[in-house]
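Here's the structure, in structure tokens; my notes come after.
Please treat every number below as a calculation from the coordinates, not as lab data. All figures in this text were calculated on a predicted structure; none of them were measured in a lab.
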Amino acid sequence: MVIAGAIAVVAAVVVLIVKRDWREKVVSALREAFGCLKSVLVAPGKLVRLFGGNVLTEIGWALCLAASAHAYGADLGLAQALVVNMCASVLASVIPVPGGIGVAEASLAAGMMAFGVPQSEAYAAALTHRIATFYLPPIWGWFSLRWLTRKGYL
């Protein structure tokens with residue numbers, strides 16, 4: 001894996017050296033990215049909002065997972081739910097399936113089973129969690145979009 005990564009980096013550098021127009025695009029994009037990063041790092045308020053928002057979001061997802069597990073009689077603590085949810089998120093984003101459909105549910109269930117939740121409760125809680133956090137939000141988002149468009153906000 002490390003060798004493949006090193007080969008990819010070397011190939012990218014060679015391509016950027018040979019292709020002048022690509023190099024200019026990449027360098028300008030990197031300059032813009034580092035400029036944005038600098039603007040965040042010099043403003044502590046932005047940094048707190050960035051990381052604080054991420055932490056609160058993860059806690060919210062974990063609370064939803066723990067509530068889903070509790071609804072089926074399983075005992076899953078907040079720390080356990082955080083670990084399960086973050087690991088499932090990583091797996092769902094690494095495996096190339098749109099939206100992590102199937103992968104997220106399986107990894108959520110496997111993570112809960114690793115913490116002692118029985119299989120049937122784990123799968124039920126995983127599906128309930130994904131329905132509440134992934135499948136249903138586009139429905140009320142569509143109604144919200146229509147309302148905002150009708151009122152002239154968009």
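Would the range 50-141 count as rounded, prolate or oblate if I go by the C-alpha gyration tensor, calling it rounded below 1.5 in a/c and otherwise prolate when a/b exceeds b/c, oblate otherwise?
Numbers: a/c = 1.33, a/b = 1.19, b/c = 1.12.
Note, shape of the range 50-141 comes out rounded.
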I'd like the Karplus ³J(HN,Hα) series for the range 10-16: coefficients 6.51, -1.76, 1.60, θ = phi - 60°, whole numbers in Hz, and an x wherever there's a Gly or Pro. 4, 4, 5, 5, 4, 4, 5
Just one of [x] 1.07; [y] 0.95; [z] 1.11 is Rg/Rh (Cα atoms, Kirkwood Rh) calculated from these coordinates, so which is it? [z]
Residue by residue, what Karplus-based ³J(HN,Hα) values in Hz, rounded to whole numbers, does the range 144-150 have, using 6.51, -1.76 and 1.60 with θ = phi - 60° and x for Gly and Pro? 5, 4, 4, 5, 5, 5, 5
Percentage relative contact order, the chain, counting C-alpha pairs under 8 Å, at least six apart: 17 percent
The range 87-154: C-alpha gyration tensor shape, a/c 1.5 cut-off, then a/b vs b/c: prolate
